[in-house]
Amino acid sequence: MMLRAIVLSCLSALACSGAHAIESTRVRAENGELHYTGPVDAGANRRLFALYDSLEHKPTRMVITSKGGEVSSGLELGQWVHAHRLDLRVPEYCLSSCANYVFTAAARKSVASSAVVGFHGGASSTEFKLDDATQAMFDALGKEQQDAFWARFKEDMRPMVEREAAFFRLVGVDRAITTYGQASRFEHTPGDGWTYTQDGFAHFGVKDIEVSDGPWRPAIAGDAAIFPTLAVD
């Protein structure tokens, strides 16, 4: 079914509205650091891993600027960062699968005072936002077809959900960090996702975060995206 294929692609990226945009990812080594700029994807990961292997002096920190990408690629990159015990620096933003799986996996994290580490769901989410075109196609289906679609989708997603659970056990982080903002009490909170304070991150097991140049006030320069900072109980 064409609709099923489109939605699977969108949900694997956890960002349906931009799932079909084409943007190349730049990977390089500079000043003793690895740099990863652009969407998280399998090709960029392979280039990063090959670059690291080719370097005589292995960097201990990666600088990342990414709005995320497919769950599988995010998990792959996060597992690699964790295995190599890399520190992470976020000068601008690390969103979606970058926040879910790369930021949480790093040994130590350094963020600029305006940097956004933004979440809007994970593989274990129970609700997903579809882009307008996909939603229109889905709405055109009968209820029985819609129910069958979601049942099949959940079954197809099960291996990814299990893989995500194993990842968070590995890095020692509560996977609820990826879905906390989807609770019903936040349904009227405006924004494109959410972020946390340092204490909020620590609540989920993400520690060793340093703000490099002043109080942490997340805001993406020149971007209309909003990621409110949620209080964590």
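Annotations for the structure displayed:
- Protection proxy ranking of 78-84, 146-152, 185-191, 115-121 - average other beta-carbon atoms within 10 Å, highest first: 115-121, 78-84, 146-152, 185-191
- Simple Cβ-charge dipole of the chain, Lys/Arg +1 and Asp/Glu -1, about Cα centre, in debye nearest 20: 460 debye
- Within region 147-187: Cβ-based charge dipole about Cα centre, in debye rounded to nearest 20 (Lys, Arg +1; Asp, Glu -1): 100 debye
- Spin-label zone in region 206-229 - amide nitrogen under 18 Å from a point set 7 Å from the Cα of Arg185 along the C-beta vector: 228-229
- Computed [θ] at 222 nm, helices only, for the chain once each DSSP H run of length n ≥ 4 contributes -39500 (n - 2.57): -11000 deg cm²/dmol
- Measuring spread by the Cα atoms of region 97-161 yields a radius of gyration and Dmax of 16.8, 49 Å.
- Cα pair count fraction exceeding 14 Å, expressed as % - region 69-133: 59 percent
- The residue list Thr178, Thr189, Ala219 was ranked by how far each Cα lies along the charge dipole of region 158-233 toward its positive end, using unit charges on Cβ atoms, and Thr178 comes out on top.
- Take the Cα of Leu51, step 7 Å toward its Cβ, do the same at Ser212, and the gap between the two points is 1.6 nm.
- Estimated FRET transfer efficiency (Asn31, Val232; beta-carbon r; R0 30 Å; 0.05): 0.30
- Value of Rg to Rh for the chain, rounded to two decimals, is 0.97; Kirkwood radius and Rg both from alpha-carbon coordinates.
- By DSSP, the beta bridges lying fully in region 62-146 are antiparallel in about 0 percent of cases.
- With both labels modelled 7 Å from their Cα along Cα-to-Cβ, the Asp223 to Ala83 distance reads 2.8 nm.
- Computed over the chain: relative contact order in percent, which uses C-alpha pairs under 8 Å that are six or more apart: 19 percent
- Cβ-based net charge around Leu75, under 14 Å, with every Lys or Arg adding one and every Asp or Glu removing one: -2
No lab work stands behind these numbers, since they all come straight from the coordinates. Because the structure is a prediction, the values reported are computed rather than measured. Cβ sites come from the backbone with ideal geometry, for glycine too, and all protein chains shown count toward neighbours.
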